[in-house]
Amino acid sequence: MRSFTSPACGDAVEVSAGETFAIDFEENPTTGYRWEFTPSEGLEIVSSNYILNREGGVGGGGVRRLLLRSNQPGETRVLGKLWRSWVGDSSSIKRCEITVQAN
């Protein structure tokens, strides 16, 4: 399985149609900020899991691993925002858009 990191924000990634791939985003949920994602049609979120960086200690953060599947050839997008959902959209401190090109 191919994996990308959040510096891919604003970039395009190339995958095969039907391929499942991962994108990792730095996250520290102890601050209340968490990533939320919205895929466009033809792109499916398989899972979204937080992985603690055990070397950083308590409160040190980790990564949000987003597993996606491209269900059809063509161009799709996934939009993400790092926010405090209970505060609302004004709490968003980072946004990410990744274009997915499926062959």
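Values as computed for the structure displayed
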read-out: Any hit, the range 77-95, residues being touching a residue at least 40 places away in the same chain (Cβ under 8 Å) and at positive phi; value: no
read-out: Among (1) touching a Ser or Thr at 6+ places or on another chain (Cβ under 9 Å); (2) under 17 Å from Asn103 (Cα atoms), the one test that Gly60 misses; value: (2)
read-out: Residue within the range 31-50 that is of a type in the set (Ser, Thr, Tyr), over 12 Å from the mean Cα position of the chain (by Cα) and part of a loop (DSSP other than H, G, I, E, B) present; value: yes
read-out: Residue that is nearest to Ile93 (Cα to Cα) [pool: residues in the range 51-81 that are among the hydrophobic types (A, V, I, L, M, F, W, C) and within 17 Å of the chain's Cα centre (by Cα)]; value: Leu79
read-out: Output for the range 72-103, where each listed residue is crowded, with 17+ Cβ neighbours inside 10 Å and of a type outside the set (D, E, K, R); value: Thr76, Val78, Gly80, Leu82, Trp83, Cys96, Ile98, Val100, Ala102
read-out: Residue in the range 58-67 that is loosely packed, with under 11 Cβ neighbours inside 10 Å and out of contact with any Phe, Trp or Tyr (no Cβ under 8 Å at 6 or more places or on another chain) present; value: yes
read-out: Residue among Phe4, Phe21 that is out of contact with any Ser or Thr (no Cβ under 8 Å at 6 or more places or on another chain), outside any helix (DSSP H, G or I) and among the hydrophobic types (A, V, I, L, M, F, W, C); value: Phe4
read-out: Positions within the range 82-103 being assigned to a strand (DSSP E or B) and among the basic types (Lys, Arg), in sequence order; value: Lys94, Arg95
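Table: residues versus (1) closer than 26 Å to Asn103 by Cα; (2) surrounded by 13 or more Cβ atoms within 10 Å (Cβ to Cβ); (3) among the polar types (S, T, N, Q).
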residue	(1), (2), (3)
Ala12	yes, no, no
Ile23	yes, yes, no
Glu26	no, yes, no
Gly32	no, no, no
Pro39	yes, yes, no
Leu43	yes, yes, no
Ile51	no, no, no
Glu55	no, no, no
Ser70	yes, yes, yes
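The numbers here are math on the coordinates, done by the rules we state, and not lab data. Computed from a predicted structure; not experimentally measured. Methodologically, a virtual Cβ is constructed for each residue, glycine included, from the backbone with ideal geometry; neighbour enumeration extends over all protein chains shown.
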